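So the structure is just underneath, and the comments pick up after that.
The values are calculated or read from the model by the stated rules, or taken from the named source; none is laboratory data. This one's a predicted model, so the numbers in the text were calculated from it and none came from an experiment. Glycine gets a Cβ as well: all are built from the backbone with ideal geometry, and neighbour counts include every protein chain shown.
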Amino acid sequence: MIITSQVRFTKELPVDQVWQITRSKKNLAPGALWVPELAPSDALFRRYLTEWKGQPGPVWWKQYSEIFLRELQDTMLPKLRELWKLEKAGRNIGLTCFCAEYIYCHRFLIAGFLRTKGLYDIKEWAPPGQAYFAGAT
């Protein structure tokens, strides 16, 4: 199973291993492996910060997701294959980042991509009592 979530829930995730999929290692959660290969490129992240941050998701999400999915196809496939193999071997892996809204986050796009490749056991997770955002499964 692949479980996606926010970094702040790393300690609580019911997984064997956590991959923190962020650009920076600066705030690496204790016990997490830093996997920048599954984070947005520096250029895309800078664009988000300078053009889109603070705007409603519907304003920028289509453009952001198109760029990220191209990056995924161009550079992320080896790491996604590794993730796939771990999941198929029975390992539960958590993918975490700092985004609060799952439906406007690259972990949502990664989960969707993996589903198109036949890996359906993917869930967005929050501790009991925490609200899920719309679109989380």
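Entry remark, the stretch 67-113: residues being under 14 Å from Ile21 (Cβ atoms) and in contact with a Pro (Cβ under 9 Å, 6 or more places away or on another chain) number 4 in total.
Selection of first residues in the stretch 60-71 that are touching a residue at least 12 places away in the same chain (Cβ under 8 Å) and of second residues that are surrounded by 12 or more Cβ atoms within 10 Å (Cβ to Cβ) and not acidic (Asp, Glu), restricted to Cβ pairs under 6 Å at least 6 apart or on distinct chains, gives the following pairs, ordered by first then second residue: Trp60/Trp52; Trp61/Tyr104; Ser65/Leu109; Ile67/Leu44; Phe68/Pro40; Phe68/His106; Phe68/Leu109; Glu71/Ser41. Here Tyr120, Tyr102, Tyr64 are screened, and the one residue that is touching a helix residue (DSSP H, G or I) at 6+ places or on another chain (Cβ under 9 Å) and modelled with pLDDT of 95 or more is Tyr64. Considering the stretch 19-137, the qualifying helices (runs of 4 or more DSSP H), each wholly inside and each with 1 or more residues that are basic (Lys, Arg) and buried (at least 16 other Cβ atoms within 10 Å of the Cβ), run over 42-47, 77-88, 106-116. In the stretch 36-50, the condition of being more than 14 Å from the chain's Cα centre (by Cα), within 22 Å of Lys85 (Cβ to Cβ) and either at pLDDT 95 or above or not aromatic (Phe, Trp, Tyr) (or both) is met by no residue.
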